[in-house]
Amino acid sequence: MRHPLHPALVHFPIACWSLATLADVASLHWGEPAWHFAGIAMLIGTLAALVAMASGLLEFVKIDDASPALADANRHMLLVMGAWLCYAASLAVRMERFSLVKPNALALGLGVLGFLVLIAAGWFGGKLVYTHGVGVRR
């Protein structure tokens with residue numbers, strides 16, 4: 001493939017997680033419709049992120065060990081895994097058997113923390129492309 005797959009796949013989990021976080025905050029005012037939407041978006045984002053992370057791993061192994069990009073790639077990867085863990089834990093806390101329930105403060109906090117970690121991960125992902133040229137054909 002001439003174009004890396006990872007950049008094309010990351011937008012979906014980012015959008016789902018961002019909307020889930022926004023809906024969680026909105027649920028403090030609008031209640032069940034918002035937190036129910038947040039749970040569904042979080043589930044879809046968490047599953048989609050697995051595919052995006054797998055494609056990112058394929059790009060990661062192409063980085064030369066001597067490359068200065070490797071440190072930023074490691075930071076990006078660890079932060080993305082941290083965001084995934086926050087959202088997966090938030091999702092687990094708001095599940096009762098196979099049903100979504102109203103999120104408690106822990107579930108909301110994990111979602112907000114996941115969003116903040118996701119922002120940092122995105123910054124390092126952008127740095128990989130725009131500073132180091134990872135995945136860019138010269």
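The values are calculated or read from the model by the stated rules, or taken from the named source; none is laboratory data. Everything numeric here is computed off the predicted structure, so don't read it as measured data. FYI the Cβ positions are ideal-geometry reconstructions off the backbone, even for glycines, and counts take in every protein chain you see. Side chains included, ligands, DNA and RNA excluded: accessible areas come from the protein's heavy atoms. Shrake-Rupley method; radii C 1.70, N 1.55, O 1.52, S 1.80 Å.
If you go through segment 80-102 and keep only what is part of a loop (DSSP other than H, G, I, E, B) and under 19 Å from the mean Cα position of the chain (by Cα), you end up with just R94.
The set of residues in segment 1-32 being in a helix (DSSP H, G or I) and closer than 18 Å to G133 by Cα consists of H6, P7, A8. Just for segment 63-79: of the residues that are without any contact (Cβ under 8 Å) to a residue 40 or more places away in the chain, not in a helix (DSSP H, G or I) and not hydrophobic (A, V, I, L, M, F, W, C), which one is surrounded by the most Cβ atoms within 10 Å (Cβ to Cβ)? Across segment 63-79, the extreme among qualifying residues is D64.
Criterion first (of a type in the set (A, V, I, L, M), open to solvent by 40 Å² or more (accessible area, probe 1.4 Å) and modelled with pLDDT under 95) does A8 satisfy it? In short, yes.
Filtering segment 109-138 to residues that are open to solvent by less than 40 Å² (accessible area, probe 1.4 Å), over 18 Å from H11 (Cα atoms) and either out of contact with any Cys (no Cβ under 8 Å at 6 or more places or on another chain) or assigned to a loop (DSSP other than H, G, I, E, B) (or both) leaves G109, G133. Taking first residues from segment 88-112 that are within 21 Å of A48 (Cβ to Cβ) and partners that are among the aliphatic types (A, V, I, L, M) and surrounded by fewer than 14 Cβ atoms within 10 Å (Cβ to Cβ), the Cβ contacts under 7 Å between residues at least 6 apart in sequence or on separate chains come to V93/L106. Considered as a group, the residues in segment 20-56 that are within 12 Å of the chain's Cα centre (by Cα) and among the polar types (S, T, N, Q) include one that is surrounded by the fewest Cβ atoms within 10 Å (Cβ to Cβ), and that residue is T46.
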